[in-house]
1. Could you check segment 42-80 and list, in sequence order, the residues that are part of a loop (DSSP other than H, G, I, E, B), hydroxyl-bearing (Ser, Thr, Tyr) and within 25 Å of Leu137 (Cβ to Cβ)?
2. For the structure I just gave you, tell me whether Val129 is in a strand (DSSP E or B) and within 15 Å of the chain's Cα centre (by Cα).
3. Of everything in segment 70-88, what is open to solvent by 30 Å² or more (accessible area, probe 1.4 Å) and either basic (Lys, Arg) or at pLDDT below 95 (or both)? Give them in sequence order.
4. Which one is surrounded by the fewest Cβ atoms within 10 Å (Cβ to Cβ), of the residues in segment 8-30 that are part of a loop (DSSP other than H, G, I, E, B) and hydrophobic (A, V, I, L, M, F, W, C)?
5. For segment 141-157, does any single residue satisfy the condition of being exposed (fewer than 14 other Cβ atoms within 10 Å of the Cβ), of a type outside the set (Lys, Arg), assigned to a helix (DSSP H, G or I) and modelled with pLDDT of 95 or more?
6. Tell me which of these Arg155 doesn't satisfy, since it passes every other one: (1) in contact with a strand residue (DSSP E or B) (Cβ under 6 Å, 6 or more places away or on another chain); (2) basic (Lys, Arg); (3) farther than 21 Å from Tyr221 by Cβ.
7. Could you check segment 286-296 and list, in sequence order, the residues that are out of contact with any Leu (no Cβ under 7 Å at 6 or more places or on another chain) and hydrophobic (A, V, I, L, M, F, W, C)?
8. For segment 109-135, enumerate the residues that are at pLDDT 95 or above and open to solvent by 10 Å² or more (accessible area, probe 1.4 Å).
Amino acid sequence: MTKARTKITVIGAGSVGVSVAYAALIRGSAAEVALYDIATDKVDAEVLDLAHGTQFTSAAVSGGSDLSVVEGSDVIVVTAGAKQQPGQTRMELSGINARLLEKLMPQLVERAPDAVFIIVTNPADVMTVVAQRVSGLPPHRVFGSGTVLDTSRLRWRLAHRANVSTASVHADIVGEHGDTEFPLWSNATIGSVPILDWPAEEPFTVEELDRIAIEVRDAAYAVIRGKGATNLAIGVSCARIAEAVLHDERAVLPVATVLDGEYGLQGVALSVPSVVGAAGAVPLAETPMSEHERGLLQASADAIRAAIDELG
């Protein structure tokens, strides 16, 4: 049942955090949008800038550098952490951001014990495992933004190629949010038509789909090279995930939960189609995959597990 009043709090007033807050504000994701950061001048300025636009939105804005900001939150989106630099992989960020979450998560849980947490801090899959462990919360209440953005990138690219609406493309990126992610081509469709059967003057080929998969995988690096960071699309993506929680939509989204036996995997956070609602995110027990895709999912799990082991 949807609460009469809802609150989303974003942790971190960097480019991603502000984009999440801005997207939530203009989409009307919640009745109140809050922003927290330890940098007082920065967060106060961002909150003021957001608040100046509330005449044209339906949400209230609050925030600051005191952790009391998070009290009463239904959803907390954690974006705080070191920024990914040009040429730097998400995994190289692990150490410093893990230490930050180890300190931050218990404080957030203390002040918002009923909140659902969405982890965006990179590398998001590894940080989701860290955040879930140190919080002591069940996996469905601490999950990563996963490959929701990657899936949006894929659907946009396929829609552009097929000259159809993005909403008519049904294809998911799963696995790691990073270098070992991959599309589930075996059940990808446009409308109800399998993608390789889509009628076009130049039909899709396996080789073209492989090129598109690489393009989507590397899309973040292309954006970082040009503007220094990815922030706008991830902001919209996180607002969308938060809405599924706040409004108990039970929407199926490829977010990253810490798996507990699903797909034969344990203790790693990977993106698979999951039901997202007021209780958090619950991965579907099984999504149809080819044997090749199951092998790719295992490779993603191995990469995440290796990164977790490095952190000790």
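The values are calculated or read from the model by the stated rules, or taken from the named source; none is laboratory data. All of these numbers come straight from a predicted model, not from anything done at the bench. Quick reminder, even Gly has a Cβ in these numbers, built from the backbone with ideal geometry, and neighbours come from all protein chains shown. Accessible surface is based on the protein model in full, side chains and every heavy atom, while ligands, DNA and RNA are left aside. Shrake-Rupley method; radii C 1.70, N 1.55, O 1.52, S 1.80 Å.
1. First pass over segment 42-80, keeping only residues part of a loop (DSSP other than H, G, I, E, B): 52-53, 57-59, 65-66, 71-74, 79-80.
Filter once more, so that each one left must be hydroxyl-bearing (Ser, Thr, Tyr): 57-58, 65, 73, 79.
Correct list: Ser65, Ser73, Thr79.
2. On the way: in a strand (DSSP E or B): no; within 15 Å of the chain's Cα centre (by Cα): yes.
Criteria not met by Val129.
3. Gly81, Ala82, Lys83, Gln85, Pro86, Gly87, Gln88, listed by residue number.
4. Residues of segment 8-30 that are part of a loop (DSSP other than H, G, I, E, B), as a first pass: 12-14, 28-30.
Imposing the further condition that a residue be hydrophobic (A, V, I, L, M, F, W, C) reduces the set to 13, 30.
Details: Ala13: 25, Ala30: 27.
For segment 8-30, the residue satisfying everything is Ala13.
5. First, pick out the residues of segment 141-157 that are exposed (fewer than 14 other Cβ atoms within 10 Å of the Cβ): none.
No, the conditions are met nowhere in segment 141-157.
6. (3)
7. Leu296
8. If the condition is that a residue be at pLDDT 95 or above and open to solvent by 10 Å² or more (accessible area, probe 1.4 Å), then Val109, Glu110, Arg111, Pro113, Asp114, Val120, Val130, Gln132, Arg133, Val134, Ser135 are the ones that fit.
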